[in-house]
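To start, the structure itself, in structure tokens.
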Amino acid sequence: MSGRNPGTELGMYYLGAQSWAYIILAVEVELDLGWISRVRVNHPAVLRRAEQIQTRRTVKKDWQAAWLLKAVTCIDLTTLSGDDTPSNIHRLCFKAKHPIRDDLLQSIKMEDFGVHTGAVCVYSARVQDTVKALKDAGCDIPVASVATGFPAGQTPLKTRLEEVRTAVDDGASEIDIVINRTLVLTGRWKGSDFIKTSTGKESVNATYPVALVMVRAIRDYYWKTGIKVGFKPAGGIRSAKEALVWLSLIKEELGDEWLMPELFRIGASTLLSDIERQIYHHVTGRYAAHHDLPMA
């Protein structure tokens, strides 16, 4: 999510919300462009593996509920609309703190575990509203901002940096940086704390084959350097079933260490609604009517 200079690996992308420094750690790692140029992707094998993950039998009953609650903790609850207002930001923040109805959590004995989303993600202009709403709600959920010329990333560097500074000054603790794709296409690579499938604003966003290549790159990089890079699929992830597939992919390809919000996020605006419906069904044995989950 936050950028790095070539040849230097920076620490976690949090900028201070949890009393972490802006840059926790700097470890010099030689940027091996030869290693990058030697990368080859076996496309048919990737497609087969992606299909296998999607068609696998999913977990059921209590196990499914547990996995869905894990997914909730990794959601970047997002609103990136041109008509965002302080009132709908306030509503989003309340939902981030109370993602599942309290009585449903009580029924599955999870009311004391502090289940909340991984972050709230907004435009930089809405960061102050988000910070205030979360403070009023009495929680310290991180605020992420899509600064740096989202979604095209084509604004001048000076403008992008100023937007990041403004978002951080206003209280953002995480920054989703839209890379200048010209740099990538011309081979001028940068490092990253997280890598993300897409902005979520493209016609095609998070897909399993692309994600598989990305997470295996993360794994190879970890084996080579000992540095863990996070992963965030974003765009088009709307159902609880899809969330379970994503969790399965991360567990099998990267391991349990990555199944935490520090290293795995799902960028979504409507996914939480379906997860809550599935939890409701697990508890009551029936699917919720619209009025049963008014905050969904």
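The values are calculated or read from the model by the stated rules, or taken from the named source; none is laboratory data. Quantities reported herein were computed from a predicted structural model and do not represent experimental measurements. Cβ: placed from backbone, ideal geometry, glycine included. Neighbour counts: every protein chain shown. Quick note on the areas: whole protein, heavy atoms, side chains included, nothing else; ligands and nucleic acids left out. Shrake-Rupley method; radii C 1.70, N 1.55, O 1.52, S 1.80 Å.
Tabulated data
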item: Over the range 148-296: Kirkwood hydrodynamic radius from C-alpha pairwise inverse distances, Å; result: 17.4
item: Quotient of C-alpha Rg and 2.2 N^0.38 Å, computed over the chain; result: 1.00
item: Percent carbon-and-sulfur accessible area, the chain, ignoring ligands, DNA and RNA, probe 1.4 Å; result: 55
item: Highest-fluctuation residue, Val283, Val178, Val72 considered, GNM on the chain with Cα pairs under 10 Å; result: Val283
item: Candidates Gly226, Gly235, Gly153: whichever shows maximal mean-square fluctuation once the chain is modelled as a Gaussian network with Cα springs under 10 Å; result: Gly226
item: Between the range 241-277 and the range 279-295, the alpha-carbon center distance in angstrom; result: 21
item: Qualifying chymotrypsin sites (Phe, Trp or Tyr not before Pro) in the range 40-137, DSSP loop, other Cβ atoms within 10 Å at most 15; result: Phe113
item: Distant-in-sequence amide H partners of Phe264 (H built 1.01 Å from N, under 5 Å); result: Phe231
item: Beta bridges by DSSP in the chain, antiparallel share as percent, to the nearest 5; result: 25
item: Qualifying chymotrypsin sites (Phe, Trp or Tyr not before Pro) for the range 207-296 [loop in DSSP, other Cβ within 10 Å: at most 10]; result: Tyr287
item: Taking the range 155-250 and dividing mean pair separation by its residue count, relative contact order in percent (alpha carbons under 8 Å, at least six apart); result: 27
item: Approximate spin-label separation Lys241-Thr182, in nm, with each point projected 7 Å along Cα-to-Cβ; result: 4.4
item: Over the chain: helical MRE at 222 nm, DSSP H runs n ≥ 4 each giving -39500 (n - 2.57), nearest 500; result: -12500 deg cm²/dmol
item: Choice from Ser239, Ser145, Ser173 showing the highest fluctuation, given a GNM over the chain with Cα pairs closer than 10 Å; result: Ser239
item: Rounded accessible area per residue of the chain, 1.4 Å, Å²; result: 52
